[in-house]
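None of the figures in this text is laboratory data; all of them are computed from the coordinates on show. What you see is a predicted model; the values in this text were computed from it and never measured. Virtual Cβ from ideal backbone geometry, glycine too; neighbours counted across all protein chains shown.
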Amino acid sequence: MIATYVVSWILIPDLGDGTLWWKLSTIISCGTLAGAVIPEVTKIFTSTSSAHVREIVAASRAAGASLNVLAGFVAGNFSAYWMGLVITSLMGIAYYVSTFGLAMLFITGAGGALTPAPVFAFGLVAFGFLGMGR
């Protein structure tokens, strides 16, 4: 993430009002952070040593298939909740940073009411996320 800020500062220090380099770097870093945090959050819920998986195994031993399925649904929904919270938080940060003058990169029409800056920010988050591919 530090490299993102350094390279942006070197390559685009004068873009826009001179502060867009750190705003764009912050948005890309949200994606980089997502690429690093999401696998770790997934491991919390899916590793064989996690409490959630042990609960499913205990349900499998203690009861029939119906309790096993319900335990799996509970663990899966709990995992999806935290995963969604991580993604929503990082996208929210990217949206918030995009409101700090990112719209100056775009030509707005019809009074400037609608700008593509948040959509561009979400694309940069995806770019940062894909940059963490293993």
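Values as computed for the structure displayed
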{"item": "Hey, Thr48 free of Cβ contacts under 8 Å to residues at least 24 places away in the same chain and not aromatic (Phe, Trp, Tyr) or not", "result": "yes"}
{"item": "Long-range neighbours under 9 Å by Cβ, at least six apart or interchain, first residue touching a residue at least 24 places away in the same chain (Cβ under 8 Å) within the range 74-102, second among the hydroxyl-bearing types (Ser, Thr, Tyr) and assigned to a helix (DSSP H, G or I)", "result": "Ala75/Thr46; Ser79/Thr42; Ser79/Thr46; Met83/Thr42; Ile93/Thr26; Ala94/Thr26; Val97/Thr26"}
{"item": "Contacts under 6 angstrom Cβ, first residue in the range 1-23 being closer than 19 Å to Ala34 by Cβ, partner β-branched (Val, Ile, Thr), 6 or more apart", "result": "Met1/Thr32; Thr4/Ile28; Lys23/Val97"}
